[in-house]
Amino acid sequence: MKHAEFAFPGPLRDKLVAAILDGSKTTTSALLVEYEREGEALPTVGERELVLDSARAGVAVIETAEVRVLPLSEVDLQHAIGEGEGFTSVAEWRAEHVKFWQSAEMRAAMGDPEFAVDDTTQVVATRFSIVERIG
């Protein structure tokens, strides 16, 4: 089974995993370029993934319900709210995601110290549900 890892191990991943487990996180966002760089296929509807926590332990199985690839400028409020991080506007969602995607950690992972996103950057917006909690 494929693994689902949200953010990098640490406080943000712990927060996101907790939001998945409490049911408030039902959407997630990644960059198309991340998939391309890793040579990884995009998620598909019906696909199940094992959610890993910061210790790389499996905590839940999620099933993909919807996958959209769209420009950063077209991410909608429903998706932003579904992220489970308390966003009340697309602007809030975008500010936090741009900060993450342009962080030193992400730039290092991308192998590009100047990596940046803009309105045209392709986002993989995924909706999912929990099908099993582990432990």
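Show the residue pairs meeting these rules: Cβ distance below 7 Å; 6+ apart or different chains; first residue within the range 18-33 and touching a residue at least 40 places away in the same chain (Cβ under 8 Å); second residue open to solvent by 40 Å² or more (accessible area, probe 1.4 Å) and basic (Lys, Arg).
Pairs that qualify, where the first residue is touching a residue at least 40 places away in the same chain (Cβ under 8 Å) and the partner is open to solvent by 40 Å² or more (accessible area, probe 1.4 Å) and basic (Lys, Arg), are LEU21/ARG133; THR26/ARG127; THR27/ARG127.
Going through the range 83-97 one residue at a time, which ones are more than 23 Å from ALA41 (Cα to Cα) and either assigned to a helix (DSSP H, G or I) or in contact with a strand residue (DSSP E or B) (Cβ under 9 Å, 6 or more places away or on another chain) (or both)? So that I can check it myself, show each step before the final result.
Applying the first criterion (more than 23 Å from ALA41 (Cα to Cα)) to the range 83-97 yields 84-96.
Across the range 83-97, the qualifying residues are GLY84, VAL90, ALA91, GLU92, TRP93, ARG94, ALA95, GLU96.
Tell me, please, whether a residue that is in a strand (DSSP E or B), over 22 Å from ASP53 (Cα atoms) and free of Cβ contacts under 8 Å to residues at least 60 places away in the same chain can be found in the range 115-135.
Checking the range 115-135: not a single residue is in a strand (DSSP E or B), over 22 Å from ASP53 (Cα atoms) and free of Cβ contacts under 8 Å to residues at least 60 places away in the same chain.
Would you check which residues across the range 95-129 are open to solvent by 50 Å² or more (accessible area, probe 1.4 Å) and touching a Ser or Thr at 6+ places or on another chain (Cβ under 9 Å) and list them?
Answer for the range 95-129, where residues must be open to solvent by 50 Å² or more (accessible area, probe 1.4 Å) and touching a Ser or Thr at 6+ places or on another chain (Cβ under 9 Å): ASP118, ASP119, THR120, ARG127, SER129.
Return the residue satisfying two criteria in turn: it lies in the range 25-49 and is of a type in the set (Gly, Ala, Ser) and open to solvent by less than 50 Å² (accessible area, probe 1.4 Å), and of such residues it is farthest from ASP118 (Cα to Cα). Step through it out loud before you land on a result.
Our first condition is that a residue be of a type in the set (Gly, Ala, Ser); within the range 25-49, this holds for 29-30, 39, 41, 46.
Cutting the leftovers down to open to solvent by less than 50 Å² (accessible area, probe 1.4 Å) gives us 29-30, 46.
Numbers: SER29: 15, ALA30: 14, GLY46: 30 Å.
If we take residues in the range 25-49 being of a type in the set (Gly, Ala, Ser) and open to solvent by less than 50 Å² (accessible area, probe 1.4 Å), then GLY46 is farthest from ASP118 (Cα to Cα).
The values are calculated or read from the model by the stated rules, or taken from the named source; none is laboratory data. All of these numbers come straight from a predicted model, not from anything done at the bench. Positions of Cβ are backbone-derived with ideal geometry, glycine not excepted, and every protein chain shown enters the neighbour counts. Protein only, heavy atoms only, side chains kept; ligands, DNA and RNA dropped before computing areas. Shrake-Rupley method; radii C 1.70, N 1.55, O 1.52, S 1.80 Å.
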